[in-house]
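Taken together, the values in this text are just the output of simple stated rules run on the coordinates, not laboratory data. Source: prediction; values computed, not measured. Neighbour counts run over all protein chains shown; Cβ positions are idealised from the backbone, glycine included.
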Amino acid sequence: MSALMTTSNTNDSNPYVKDSLIKFHNVESDLYSSEKKFGIFSIEMAQTTMTQKEQELNSTNDMSGSMYDVCQDGRTKMQHLQLTLENITRLLNANAEEIEVNLEITGFDDSIVQVLEPTKITNDSEQLQQIINKVKTALYPRGSTNIHLALQDASERLQQKSTVSQKSLIFMTDGNITTGSIDLKTLINSVPKDSHNYFIGFGADHDFTLLQQLASINSGSYYYVDKIENAGLVFGEIIHSILYTALRNVTIQVTNGEIYDFQTNQWLTEIRIPNLCGEAKKNYHVRSETPDDFELTLTGLSETGTISMSELALPELEDLETGIKEVVDLSKYIYRQNVLELLHISAKIATSSSSTSEDRERKTKHIEEMKNMRKKIEAYSALQDSQEDKDFLKQLQDDLYISEKTLLSENALLYTVARQTSQGRECSYNVTDLKRQNACDYEDYEIENRPISRAYTSDTQQKIMRGVSAGAETSSAENESSWDYLDDECSKENNAKNISQIQRQCGGIQRQYAFNQDE
């Protein structure tokens, strides 16, 4: 028997979680064949202020000759990078009275260039202009690419900041290693161990496999920027996660059930999440043979100490007069589960690809499987009345379409993992550019040409991303439509019913909190 389990909590004793929801699918369907009942754990974080903790931010940037490459808007990659760094500095400068950030900027090719020495950002216009001038004059394209040297340098610089508890590295490159060590073990050992590391790959020519492996160390993050003009959006998403982190080092454990890890395509009893930001809305897939006994515990570090949040399911809800059980249809999330599993298989196929006829046949068969699933989702979407559901399902279709059209190309792994990661993490930024893949397409299908997902972009996050990407060709049709779309959706959302009121219609759930002030 399936169980409907919800929470409609607005308990002021927990300043970090606004609402959460656990429920299990109870509608007959051929979408999910497991004997275990499929469910979701949805969580919405409360609005938070900027972090009050001292932050050490190191920006390490590729300044090899390929940064001279010209983008579609006529600017070079380096000019876009310079503009993005300028916007980040302006953002930190404007909020200097609320936050304490020490910013350091370096460039690398076959040597290290100190662009900006460690500097505490203040609300000083003269300091701001000095930093902007340094970025424009010291950061320019020139030599080869020594990633090992850059990692070693960043690690040593961050290690020196032993008194700072929250440290971040934003590492950007647009190419492959052309000098220095290429030994994976050596490179991994050079990754900073006591900081959160963000690795950004510019364009399709960077070594995305390496960056993904480097990002896997210390629960880091990897981002692929398909259009350099969109670099500010990715940097903005990263800056938001640094400044508005509500909980760090988050662990979700389940009892009498399992939770899905999209990165390994496994159902586990525990997953780890680097952080949860203020206003974030996340959906985690769960399953259980006995949903009535399902338990979930979330723990994480806040600025005041350790938080532990436990949820225990209440019995299945039913009408007392008729005995009819509450209908819980999670079909759209089951489709999402199918898509994540198919993308994982795509990535596995791309990793082990060869030029044999058997390999091509395997790829062709998998492409057909993805296309069939995409058509099912398309048909299901046509029956939905909610635009929010249609948008959700369209993104799933795009995930599959992009993997389909690139699986036979040399960049199959790059595009598939980019979409898989964005969907699995519910990121704001998404890869949409297929122009360089020369994918033959006789199907009349159009990708949603917005790099920003409203469903996964909070109001505060939108403001940060907009600020960091300012001036970076955001007047182009697709980016401008993205901002218009977000503004329009915000207006609709403000007129909608409060989510907690809707959840209260479904019942309640016992909730336990434990706060430990043990920084």
With a Förster distance of 45 angstrom and the Cβ-Cβ distance between residue 463 and residue 292, calculated FRET efficiency to the nearest 0.05 equals 0.60
Give, in nm to one decimal, the length gained when the segment between residue 389 and residue 264 is fully stretched (0.36 nm per residue of separation minus the Cα-Cα distance). 42.3 nm
If neighbour count is taken as other Cβ atoms inside 10 Å, put 113, 327, 191 in order from fewest to most. 327, 113, 191
Normalised contact order of segment 331-456, rounded percent, pairs of Cα under 8 Å and 6 or more residues apart: 27 percent
So what does log10 I(q)/I(0) come out to for segment 243-365 at q = 0.09, 0.14, 0.20 Å⁻¹, using the Debye formula with one equal point on every Cα and no solvent? -0.41, -0.83, -1.19
What spacing in nm lies between the two simple spin-label points modelled at residue 140 and residue 183, each 7 Å away from Cα in the Cβ direction? 3.7 nm
Please identify which residues in segment 350-392 have an amide N closer than 20 Å to a label point set 7 Å out from the Cα of residue 444, following the Cα→Cβ vector. 371-372, 374-383
Compactness check, segment 54-243: C-alpha Rg relative to the 2.2 N^0.38 Å globular estimate gives 0.95
Other residues with Cβ under 11 Å from the Cβ of residue 122 give, with Lys and Arg +1 and Asp and Glu -1, a net charge of -3
Assuming R0 = 51 Å, can you tell me the calculated FRET efficiency for the pair residue 213 and residue 325, based on Cβ-Cβ distance, to the nearest 0.05? 0.60
For the residue pair residue 193 and residue 362, what label-to-label distance in nm results when each label sits 7 Å from Cα along the Cα-to-beta-carbon direction? 3.7 nm
Set the Förster distance to 45 Å, then compute FRET efficiency between residue 382 and residue 249 from the Cβ-Cβ distance, nearest 0.05. 0.60
For segment 331-456, state the semi-axes of the equivalent ellipsoid (square roots of 5 times the eigenvalues of the alpha-carbon gyration tensor), sorted largest first and rounded to whole angstrom. 24, 15, 14
Treat the count of other C-beta atoms within 10 Å as a stand-in for reagent exposure and order 50, 172 from fewest to most. 50, 172
Cα-projected label distance for residue 53 with residue 102, points at 7 Å along beta-carbon direction, nm: 1.5 nm
Taking the Cα centre as origin and putting +1 on Lys and Arg beta-carbons and -1 on Asp and Glu beta-carbons, what dipole magnitude results for segment 331-456, to the nearest 20 debye? 240 debye
